[in-house]
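The values are calculated or read from the model by the stated rules, or taken from the named source; none is laboratory data. For clarity, every value in this text was computed on a predicted model and none was experimentally measured. With ideal geometry, Cβ positions are generated from the backbone for all residues, glycine too; neighbour counts draw on all protein chains shown.
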Amino acid sequence: MFAEVVESAGFGQIIPPMFEDLGVFLRLGEATDIVTKEMYDFEDKGGRRVALRPEMTAGVVRAFVQHRPLLPWKAWYAGPNFRYEKAQQGRYRQFDQVGVEVLGVDDPHLDAEVISLAWDFYGRLGLRQVRLVVNSLGEPQDRSRYVDALRVYFSQDLAALSPESRQTLERNPLRVLDSKREQDAPLVAAAPVISDFYSADAAEHFARVLAGLDHLAIPYEVRPSLVRGLDYYRKTTFEFIGAALESSQNAVGGGGRYDGLVEDLGGPSTPGIGFALGVDRTLLECDAEGVFGAPANPVSVFVVDVTGGAEALTLTHDLRAAGIASDRAYEGRSMKSQMKAADRSGATFAIIIGGDELASGAVTVRPLAGQVGDDRTQSTIPRTELIPMLKRVLPS
Ligand code: HAM
């Protein structure tokens, strides 16, 4: 579905490599946790420093610099990423993302269009509780004046900051704004806001992005503390917040502009923007919002053989050959345990073979709970009649 949404907007697929030269990822910013603490980097047999990708933007931009496709270049991707994180629900060391990148366009309409692709995708999945938060980090010089102001502001009241935020302040004052610690909340709430540092161009660009979102009737909240975890962002940043997970990992997706990254990776000055959506967190959100409903029946019948298992082997084979999806239990389990497995399988019928059935060439057909109304009357029929009977009663 993601491919459908983005391909209808002119994006082509790119498959970036799973690992790259470490230097490619160092451009994500040496003040970011993703680079300093979370990268799986190692030396290969040729003595090169390489790293598993912690995200895909850097690899896509590296490929752009190397191959110089025509501008504007619109690429989408899907695949796993690796970050050495403290694993918990919604935060994994290997996780999947789908995302897009567009290179070569500075137009704020594109920012609105890119955001709308993610928004439409969530909508098409049936998610209704995902919220969009947006911000602008201004031009690089706005951002660096803001960082200086934050450093001064937080340094004036160091004792009021949590020890963790004091450490963050040394490395990256912007990230202190991300603190979810209660102790930091009053100071963070009263901190200087980035919008006071925008140049006229940056303010104008952001206003036009918001106007674009208004035109598309996409609801958003402007959150001045949204700084994101990667250093390459300039101007527009955004995040999609789900309702299912704790606040420290409730972002189901995020992105923004990175107008300096192509140059950082050795290419010509080229604007860029994109997003990545966390597949794992999006699925958790889907579960929480109940958008997928009950799973489709994977099989139609479940064979319960309490005579040793050889009958189940041949019967499932015959059923499948006749086009009837079937499954069974293994290892000679008890009748009770096999019936539990039958119930879990979602099958319409359990086909039971006990000693009596085996001796008389019959099978017992038992409707399973929730499949055929409340009528759970079972019947024993000759085995030769089983397949024709199932073909009559099962939906084709
Ligand atoms: P990110 O915010 O680091 O941005 O990751 C995007 C999304 O990936 C997050 O919102 C989250 O849903 C998911 N994610 C991140 N880390 C984990 C994890 N450890 N476990 C599970 N899910 C996770 C980027 O990666 C940027 N490359 C996005 C971008 C593209 N910006 C511009 N273009």
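Inclusion of LEU169 among residues that are at pLDDT below 95 and either among the hydrophobic types (A, V, I, L, M, F, W, C) or not in a loop (DSSP other than H, G, I, E, B) (or both) is warranted.
In the stretch 296-309, the condition of being of a type in the set (Asp, Glu) and within 16 Å of the ligand (Cβ to nearest atom) is met by no residue.
Kindly establish whether PHE25 is among the aromatic types (Phe, Trp, Tyr), in contact (Cβ under 8 Å) with a residue 12 or more places away in the chain and either assigned to a strand (DSSP E or B) or surrounded by 13 or more Cβ atoms within 10 Å (Cβ to Cβ) (or both). In short, yes. When VAL24, VAL61, VAL65 are checked against the criterion of being assigned by TED's automatic domain parsing to the domain that holds LEU277 and within 10 Å of the ligand (Cβ to nearest atom), a single residue qualifies: VAL61.
To keep it simple, each residue is scored yes or no on (1) in a helix (DSSP H, G or I); (2) over 30 Å from GLU289 (Cβ atoms).
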| site | (1), (2) |
| --- | --- |
| GLY99 | no, no |
| VAL114 | yes, no |
| LEU127 | no, no |
| ASN135 | no, no |
| VAL147 | yes, yes |
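With the condition kept exactly as written, say whether any residue in the stretch 363-372 is part of a helix (DSSP H, G or I), out of contact with any Cys (no Cβ under 8 Å at 6 or more places or on another chain) and either over 12 Å from VAL303 (Cα atoms) or modelled with pLDDT under 95 (or both). There is no residue in the stretch 363-372 that is part of a helix (DSSP H, G or I), out of contact with any Cys (no Cβ under 8 Å at 6 or more places or on another chain) and either over 12 Å from VAL303 (Cα atoms) or modelled with pLDDT under 95 (or both). Here LYS86 clears all of (1) farther than 22 Å from ALA243 by Cβ; (2) in contact (Cβ under 8 Å) with a residue 12 or more places away in the chain; (3) within 16 Å of the ligand (Cβ to nearest atom); (4) not in a helix (DSSP H, G or I) except the condition numbered (2). The combined condition, being within 18 Å of VAL105 (Cα to Cα) and more than 11 Å from the ligand (Cβ to nearest atom), is not fulfilled by ASP231. In the stretch 38-58, which residue that is within 12 Å of the ligand (Cβ to nearest atom) and of a type in the set (D, E, K, R) is surrounded by the fewest Cβ atoms within 10 Å (Cβ to Cβ)? Checking each candidate, the answer is GLU38. Checked against the criterion of being of a type outside the set (Gly, Ala, Ser) and within 16 Å of the ligand (Cβ to nearest atom), the candidates VAL222, VAL209 yield just one match: VAL209. Is the stretch 128-150 home to any residue that is crowded, with 18+ Cβ neighbours inside 10 Å and within 15 Å of ALA3 (Cα to Cα)? No, the conditions are met nowhere in the stretch 128-150. From the list ALA112, ALA159, ALA190, which one is of a type in the set (A, V, I, L, M, F, W, C) and touching a residue at least 40 places away in the same chain (Cβ under 8 Å)? Step by step, each of ALA112, ALA159, ALA190 is checked, and only ALA112 is of a type in the set (A, V, I, L, M, F, W, C) and touching a residue at least 40 places away in the same chain (Cβ under 8 Å). Beta carbons closer than 7 Å, at least 6 apart along the sequence or on distinct chains, pair a first residue in the stretch 278-293 that is in the same structural domain as PRO80 (by TED's automatic domain parsing) with a second that is β-branched (Val, Ile, Thr) and not in a helix (DSSP H, G or I) for GLY278/VAL252; VAL279/VAL98; ARG281/VAL252; THR282/VAL252; GLU285/VAL130; GLU285/VAL252. Among the residues making up the stretch 325-362, those that are crowded, with 17+ Cβ neighbours inside 10 Å and either charged (D, E, K, R) or in a strand (DSSP E or B) (or both) are SER326, ASP327, ARG328, PHE349, ALA350, ILE351, ILE352, ILE353, GLU357, ALA362.
Here GLY260 fits the description: within 16 Å of the ligand (Cβ to nearest atom) and either crowded, with 18+ Cβ neighbours inside 10 Å or in contact (Cβ under 8 Å) with a residue 12 or more places away in the chain (or both).
Of all residues in the stretch 44-63, those that are small (Gly, Ala, Ser) have Cβ atoms under 6 Å from Cβ atoms of residues that are near the ligand (Cβ under 9 Å from one of its atoms) and in a loop (DSSP other than H, G, I, E, B), 6 or more apart or on another chain, in ALA58/LEU28. Scanning the stretch 130-189 for residues that are closer than 30 Å to ALA244 by Cβ and charged (D, E, K, R) turns up ARG131, GLU164, ARG175, ASP178, LYS180, ARG181, GLU182, ASP184.
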